[in-house]
Structure formats: structure tokens, C-alpha cells
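Have a look at the structure below, then the notes.
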Amino acid sequence: HVDAGWNSELAVSNIEKIINYSGFDLHTEVIDWEDMRRLQLAYLKSGISNQDVPQDHIFFSTLYHYSIKHKINYSISGGNIATESILPDIWHVSAMDSINLKDIFKKHGKGNLSSYKTISFFQYYIWYPFFHKLNSFRPLNYMKYDKKIAGLELEKIGYKNYKGKHGESIFTKFFQEFYLPKKFKIDKRKAHLSSLILSKQISRSKALEILKKPPFDPNK
């Protein structure tokens with residue numbers, strides 16, 4: 001687990017319940033909070049749309065560097081086509097562009113990123129997968145994955161579902177539900193719900209009903 005400082009209390013509780021049930025070993029990499037704070041502020045000052053880059057980049061960077069250090073060749077991803085097949089390119093800026101990340105911090109940040117370890121394009125796309133044979137698999141793409149059924153199964157061990165996609169992160173919740181709609185008129189629920197419509201997990205009429213409500217609910 002990579003702790004970038006934005007875990008909600010519910011996220012911490014859910015992780016604990018899964019570990020207790022499965023018996024898996026848990027290793028947590030805690031990212032220096034001052035580095036995260038400085039980088040996050042730099043991104044907010046830059047005004048770009050994808051404010052989740054500081055978190056997303058360090059998640060994958062830490063996972064890849066850790067895998068190489070410990071000679072782990074395989075990782076399992078929860079990414080899947082059933083719930084994540086649609087996302088307009090114009091809404092998304094690659095989180096793995098370390099050159100762009102460093103430039104934003106150089107222009108808008110203060111101090112130095114003392115322990116925030118980035119991963120380069122060459123490492124991520126070429127050196128690690130082809131020369132170190134680091135592979136990532138998405139098992140949910142090889143089965144009939146239903147988000148609702150998966151949630152019900154997890155609830156049996158005390159896991160509690162989040163209100164909205166990526167509600168496990170306090171910052172991502174703010175970014176997707178408030179920042180994007182207010183600043184860029186982007187409601188990511190449209191993409192998320194469209195994916196569920198295509199995988200026949202929700203009807204179009206139900207999706208339109210959900211979209212009638214504002215993305216940000218101050219009571220959640």
C-alpha cells in the first residue's frame with residue numbers, strides 16, 4: 001500500500017478488514033507529507049485539469065521501484081474494462097509524465113522534493129517491462145465483473161463501499177466532485193456511468209437520474 005497522506009478513515013478501515021480476512025502480508029510505503037503538500041500546492045497553482053497526478057504518479061512509481069528492488073516480476077491491477085472503458089482524452093493528462101511533473105513544480109512549487117521519487121517514461125514503458133520483465137495483469141478483464149456483486153461480497157467481511165468512485169481518497173473526492181465540475185465543467189460520473197451502461201450494469205435512464213443530482217454532496 002502506498003500512503004500519500006490522503007487516505008480517508010473508511011479507506012484505512014477497509015484495508016484492515018481485507019488484510020484480516022485474507023491473511024495477506026501488508027507492506028506500506030508512506031510518502032513524505034511535506035513533499036506531497038508542496039507538489040499538490042504547485043499543481044493547484046498551475047491550474048491544470050488533472051490535479052490527481054501527484055498521487056497517481058507516486059502510486060505507480062513506488063510500486064514499480066519496489067518491485068524492481070525486491071525482484072518481483074508480477075503485479076495485479078484492479079483496473080478493468082467493465083467499469084473504466086470510457087474516458088475522453090481531453091479530460092485526462094498522463095500521470096506518468098515525470099518531465100511535466102518536474103516542470104510544474106519548478107514553475108509553481110517551493111523548496112525541493114527531497115524524497116518524492118519519480119519514474120521516467122523510459123523506465124515505465126521500456127526498461128522495467130522489457131528488460132526487467134515486470135508485468136502487470138488485470139484479472140477482472142478475464143471474468144464477468146459486476147461492480148455491485150463485488151461490493152456485496154466485500155460487505156460480508158465488513159467492508160463498506162465508498163460514496164462515489166475513488167472516494168477512498170479525500171483529495172480525489174474533492175478533485176472529482178468539486179474542482180473539475182466547478183473549474184472545467186467536467187463531471188467524471190458521465191464517463192464512469194457510460195462504462196457501466198456498456199457493460200449492462202446500469203440502465204441509461206438510471207444513469208440520467210443519477211446525473212440530475214450534483215456531483216458534490218456536502219453531507220457525504
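The values are calculated or read from the model by the stated rules, or taken from the named source; none is laboratory data. This is a predicted model, so every value here is computed, not measured. When we count neighbours, we look across all protein chains shown, and the Cβ atoms used for this are built from the backbone with ideal geometry, even at glycine. Accessible surface is based on the protein model in full, side chains and every heavy atom, while ligands, DNA and RNA are left aside. Shrake-Rupley method; radii C 1.70, N 1.55, O 1.52, S 1.80 Å.
Values computed for the structure shown
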| item | result |
| --- | --- |
| Potential lengthening between ASN112 and ALA150 on full extension [0.36 nm per residue; Cα-Cα distance subtracted] | 9.5 nm |
| Surface share of carbon and sulfur [accessible, 1.4 angstrom probe, percent] for the stretch 120-220 | 60 |
| Sites ILE48 and LYS71 - FRET efficiency at Förster radius 30 Å, r taken between beta-carbons, to 0.05 | 0.25 |
| Heavy-atom surface of the stretch 17-64, accessible at 1.4 Å and reported per residue (Å²) | 51 |
| Added length on full extension, which subtracts the Cα-Cα distance from 0.36 nm per residue, ILE18 to TYR125 | 35.4 nm |
| Leading residue at positive end of dipole, the chain (Cβ point charges), from ILE202, SER114, HIS57 | ILE202 |
| Which labelled figure in [x] 1.29; [y] 1.53; [z] 1.07 is Cα Rg over 2.2 N^0.38 Å, once derived from the coordinates | [z] |
| Accessible-area composition of the stretch 1-108, carbon plus sulfur, in percent [1.4 Å probe] | 57 |
| Computed label-point distance, nm, for sites GLU9 and ILE99 using a 7 Å Cα→Cβ extension | 4.5 |
| Spatially near lysine pairs across the stretch 1-156, Cα under 22 Å, sequence gap of 8 or more or different chains | 20 |
| Residues PHE137 and ILE86, FRET efficiency given R0 of 30 Å [Cβ-Cβ distance, rounded to 0.05] | 0.85 |
| Accessible surface, the stretch 153-219, averaged per residue in Å² (probe 1.4 Å) | 66 |
